[in-house]
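Take a look at the structure set out below.
Values in this text are rule-based calculations from the coordinates and carry no lab data. What you see is a predicted model, and the numbers here were worked out from it, not measured in a lab. All Cβ positions, glycine included, derive from the backbone under ideal geometry; neighbour counts span all protein chains shown.
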Amino acid sequence: MTEDSAAPKTRLGIRDILALLIACGALAVLVGLGTWQLNRLAWKEALIARVTERVKTPPETLPGRNAWQALKPEDYQYRRVTLSGRFLHDREVHVYAVLSSPKGGVWRGQGYWVMTPLKQDDGSLIIINRGFVPDPLKAADTRGDGQVPGIVSVTGLMRVSEEPNFASPEDNVPDNLWYTRNVAKMAKAMWLEREKTAPFFIDAESSSVSGRSPQGGETRLVFPNRHLGYAMTWYGLAAALLCVVVAFAFTRLRKG
């Protein structure tokens, strides 16, 4: 027996190397996902802190029409503002909603957000989410006492226009049944002048007239924050895979 034939063969086969490369790629993906979740955690915590601060500050006057295009969503989302004008009740639209935990009102369950344009003295138009109504009160003529005439003052939170996702049902415009609060689409259905309409909407903090519908002040301010748990899951899977890779390589080399 020669010295060369007696020496252990420590080289990995092609299949072994390919398996290790695939495992290393999967390991990089898992670590990347964990890091992404940590970044999302920092973003979510900053969002919660920002919203908490904004909803507690005194309301400021709504920026004028000339300033709208320069506003960035992250700068005005959930900002408290106050404004006044006349509701155009004949143009309201209804967005399907399920209210499971009302903040102080009496209505809950299936119903609608009542979205009504408000016209200010300068002619500018802002869509107001006046609040929630249950299904039996969807039609405006069933809640006539809530169709407030004349000049009204509204205090509420600025909200970013919503975009539909893959799970959003199609809006039924002819039947006035909506599922997404998209400002551009609602403004078109309301026959509002595009250049005079704000690119955001406002959630009213309370009913426009005390004790009358719709039920305002129902903005959801709870933000799920599970990113740390997700990050630990991805990192845990990465650690387990790393152990498997090391054990695999060690076993192959030892057999040699």
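Observations
- For peptides 140-148, 33-41, sequence by mean Cβ density within 10 Å, most packed first: 33-41, 140-148
- Which listed pairs, of Lys56/Lys103; Lys138/Lys188; Lys44/Lys119; Lys44/Lys138; Lys56/Lys188; Lys119/Lys185, have C-alpha distances above 24 Å, in listed order: Lys44/Lys119; Lys44/Lys138; Lys56/Lys188
- Cut-off 16 Å (backbone N to label point 7 Å along Cα→Cβ of Ile22), residues of the range 226-255: 241-242, 244-246, 248-249
- Computed per residue of the chain from DSSP H runs no shorter than four, each worth -39500 (n - 2.57), the mean residue ellipticity at 222 nm is -11500 deg cm²/dmol.
- Here the gap between Val222 and Asn176, fully extended at 0.36 nm per residue and compared with their Cα-Cα distance, gives a gain of 13.7 nm.
- Integer Hz, Karplus 6.51/-1.76/1.60 couplings in order for the range 37-48, x for Gly and Pro: 5, 5, 5, 5, 4, 4, 5, 5, 5, 5, 4, 4
- Between Thr197, Thr155, Pro224, the Cα set farthest toward the positive side of the dipole of the chain (charges on each charged residue's Cβ, about the Cα centre) is that of Pro224.
- Global form of the range 36-158, assessed from the alpha-carbon gyration tensor, a/c cut-off 1.5: oblate
- Between the labelled values (i) 55; (ii) 66; (iii) 48, the entry that holds percent of Cα pairs over 22 Å apart as derived from this structure is (ii).
- Spin-label pair Tyr230/Glu45, simplified geometry with 7 Å Cα→Cβ offset, distance in nm: 1.6
- Contour minus Cα-Cα distance for Arg194 and Ala167 (0.36 nm per residue): 6.9 nm
- Per-residue Cβ neighbour rank within 10 angstrom, fewest leading, Ile48, Ile126, Ile22: Ile22, Ile48, Ile126
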